[in-house]
Amino acid sequence: MYELVFVGFQATFAAITCCLILGSIVERIKFSGVLLFIVLWFTFSYIPVAHMVWYWDGPDAYVNATADVAATVNSHAGFIWQMGALDFAGGTVVHINSGVAGLVGAIVLGKRVGLGKEAMAPHSLTMTMIGASLLWFGWFGFNAGSALEANGTAALAFMNTFLATACAVLTWWVRSGCSR
């Protein structure tokens, strides 16, 4: 039963990664092309990178704490995991992977339809704030949940998420002149 929770957790990461790419190719590609691209990209990019970064047999594989058991368990882990990566919230799997895919997609597809010919008014600031707030709230679950336990590591990830966001807001406020 717990595996289903983990599957749901990982599926959410996968869906968000696909959505990040869509932000780069919006208004440049037909919907049928988006569906085809996402299926191919997910299969040949996301899955291998996620496996290299996140695959590990987990603490249940350590039935006794000997060096031989640890070496055997770790030898089956993903390539980047074995190099020491501890990738909470998907810095590599989600952000680097989708960022590169989005950049390549935008370059290959070219400019947005109507760019320079039609007025492209900015989107709603209220909706932007709501979206950013939902994203921030979700980060708590992703970052703290990536520990896969309610322990000190999860607490540290939670507090780092809180403090990093607070520092970003304060920096933006000071940089904008503290007057708005």
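The values are calculated or read from the model by the stated rules, or taken from the named source; none is laboratory data. Just so you know, these numbers come straight off a predicted model, no measurement behind them. Protein only, heavy atoms only, side chains kept; ligands, DNA and RNA dropped before computing areas. Shrake-Rupley method; radii C 1.70, N 1.55, O 1.52, S 1.80 Å.
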- At 10 °C and 1.306 mPa s, grab the translational diffusion coefficient of region 116-180 from Stokes-Einstein with a Kirkwood Rh over Cα pairs, rounded to a whole number in µm² per second. 112
- Message: Quick check: at a probe of 1.4 Å, how many percent of the accessible area of region 139-178 sits on carbon and sulfur atoms?
- Response: 74
- In vacuo Debye scattering of region 83-122, one point per C-alpha: log10 I(q)/I(0) at q = 0.19, 0.30, 0.33, 0.35 Å⁻¹? -0.70, -0.94, -1.01, -1.06
- Note on the structure: Phi-derived 3J(HN,Hα) across region 125-138 with the Karplus relation (6.51, -1.76, 1.60, θ = phi - 60°), rounded Hz, x for Gly and Pro, is 5, 5, 5, 5, 5, 4, x, 5, 5, 5, 4, 4, 4, x
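For region 1-75, take N as its residue count and report Rg(C-alpha) divided by 2.2 N^0.38 Å.
Numbers: Rg = 17.5 Å, N = 75, 2.2 N^0.38 = 11.3 Å.
Relative to the rule-of-thumb radius for its length, region 1-75 sits at 1.54.
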- Largest-first ranking of Ile21, Ile47, Ile107, Ile80 by accessible area, probe 1.4 Å, whole protein assembly kept, is Ile107, Ile47, Ile80, Ile21
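Kindly report the accessible area of region 53-180 per residue (heavy atoms of protein chains, probe 1.4 Å, no ligands, DNA or RNA), in Å².
On the way: 9110 Å² over 128 residues.
Averaged over the residues of region 53-180, the accessible area is 71 Å².
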- Item | Rounded to the nearest 10 Å², the accessible area of Thr66 at probe 1.4 Å | 60
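Got a number for carbon plus sulfur as a percent of region 1-126's accessible area, 1.4 Å probe? Provide the component values of the computation, followed by the final result.
Working: 6060 of 8550 Å².
Looking at region 1-126 in its full context, I get 71 percent from C and S.
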- Can you give the alpha-carbon Rg of the chain over 2.2 N^0.38 Å, where N counts its residues? 1.26
